1. For residue 97, indicate whether it is within 20 Å of residue 53 (Cα to Cα), surrounded by 12 or more Cβ atoms within 10 Å (Cβ to Cβ) and either touching a Pro at 6+ places or on another chain (Cβ under 8 Å) or touching a residue at least 40 places away in the same chain (Cβ under 8 Å) (or both).
2. If I ask for residues that are within 15 Å of residue 116 (Cα to Cα), charged (D, E, K, R) and out of contact with any Ser or Thr (no Cβ under 9 Å at 6 or more places or on another chain), which ones from region 1-49 would you list?
3. Going by what's in this entry, would residue 94 be described as modelled with pLDDT of 90 or more, out of contact with any helix residue (DSSP H, G or I) (no Cβ under 6 Å at 6 or more places or on another chain), of a type outside the set (A, V, I, L, M, F, W, C) and under 16 Å from residue 13 (Cβ atoms)?
4. Give me the pairs: first residue in region 37-57 and free of Cβ contacts under 8 Å to residues at least 24 places away in the same chain, second residue crowded, with 17+ Cβ neighbours inside 10 Å and among the small types (Gly, Ala, Ser), beta-carbon distance under 7 Å, and six or more apart or on different chains, which are they?
5. Considering only region 15-39, state which residues are more than 13 Å from residue 123 (Cβ to Cβ), modelled with pLDDT of 95 or more and either of a type in the set (Lys, Arg) or touching a strand residue (DSSP E or B) at 6+ places or on another chain (Cβ under 7 Å) (or both).
6. Can you pull out the strands (runs of 3 or more DSSP E) entirely within region 4-94 that have at least 3 residues that are buried (at least 16 other Cβ atoms within 10 Å of the Cβ)?
7. Hey, could you check region 95-125 for residues that are of a type outside the set (Ser, Thr, Tyr) and part of a loop (DSSP other than H, G, I, E, B) and say which is nearest to residue 37 (Cα to Cα)?
8. Can you tell me how many residues within region 100-113 are of a type in the set (Gly, Ala, Ser) and surrounded by fewer than 15 Cβ atoms within 10 Å (Cβ to Cβ)?
Amino acid sequence: MDFEKVLALIGAMNREQVVYKLIGALALSAHGFVRATEDADFFIEPTIENVERLKTALRSVWDDPGIDKISTEELCGDYPAVAYYPAGENFHIDFVTRLGEAFAYDDLSAEDGMLGEVPVRVVTPRTLYEMKRDTVRYKDKIDADVLRRKFGWE
């Protein structure tokens, strides 16, 4: 994954006032736990205006007509997830507004943090733990255990 491109995207999202929360392995990094990852994961506020701001931010980093295929109806509808594969890159970015009945954008507690030198809105360690602890993916269970041990949660 091109970390500098992801940082450029986060900077562009901040500039365009995209309402988002960083989740996944990069959220772990923002909290001081570095883990290799092949993607970047963001929850975004499910409004038409926010999705349009997101597309503007993406266009400022990548000259990719595929950005036009990101659908506001999809992200604000019944299947609220999009995997975007930037042209010419070897990683993807997941944008979601809801994970089934388990998590919606408004359910996630977040705080201001830093990823490298870039300000980022990131889910809290407790929220990240709650998102990862009951999944079936082994790497999520490891992440949850790292958070649990670091913060002394039972």
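1. For residue 97, the condition - within 20 Å of residue 53 (Cα to Cα), surrounded by 12 or more Cβ atoms within 10 Å (Cβ to Cβ) and either touching a Pro at 6+ places or on another chain (Cβ under 8 Å) or touching a residue at least 40 places away in the same chain (Cβ under 8 Å) (or both) - is met.
2. 2, 4, 5
3. Working: modelled with pLDDT of 90 or more: yes; out of contact with any helix residue (DSSP H, G or I) (no Cβ under 6 Å at 6 or more places or on another chain): yes; of a type outside the set (A, V, I, L, M, F, W, C): yes; under 16 Å from residue 13 (Cβ atoms): yes.
The answer is yes for residue 94.
4. So the pair list comes out empty.
5. Passing the criteria: 15, 18, 19.
6. Values: elements: 20-23, 39-44, 81-84.
Qualifying strands (runs of 3 or more DSSP E): 20-23, 39-44.
7. Filtering region 95-125 down to residues of a type outside the set (Ser, Thr, Tyr) leaves 95-96, 98-104, 106-108, 110-123, 125.
Applying the additional criterion that residues be part of a loop (DSSP other than H, G, I, E, B) yields 100-102, 108, 116-117.
On the way: 100: 23, 101: 25, 102: 23, 108: 22, 116: 16, 117: 19 Å.
For region 95-125, the residue satisfying everything is 116.
8. The first filter runs over region 100-113 and keeps only residues of a type in the set (Gly, Ala, Ser), leaving 100, 102, 104, 109-110, 113.
Filter once more, so that each one left must be surrounded by fewer than 15 Cβ atoms within 10 Å (Cβ to Cβ): 100, 102, 109.
Residues flagged as of a type in the set (Gly, Ala, Ser) and surrounded by fewer than 15 Cβ atoms within 10 Å (Cβ to Cβ) within region 100-113 amount to 3.
The values are calculated or read from the model by the stated rules, or taken from the named source; none is laboratory data. Only a predicted model underlies this, so the values are computations on that prediction, with no experimental measurement involved. Ideal geometry is used to build each Cβ from the backbone, glycine not excepted, and the neighbour counts take in all protein chains shown.
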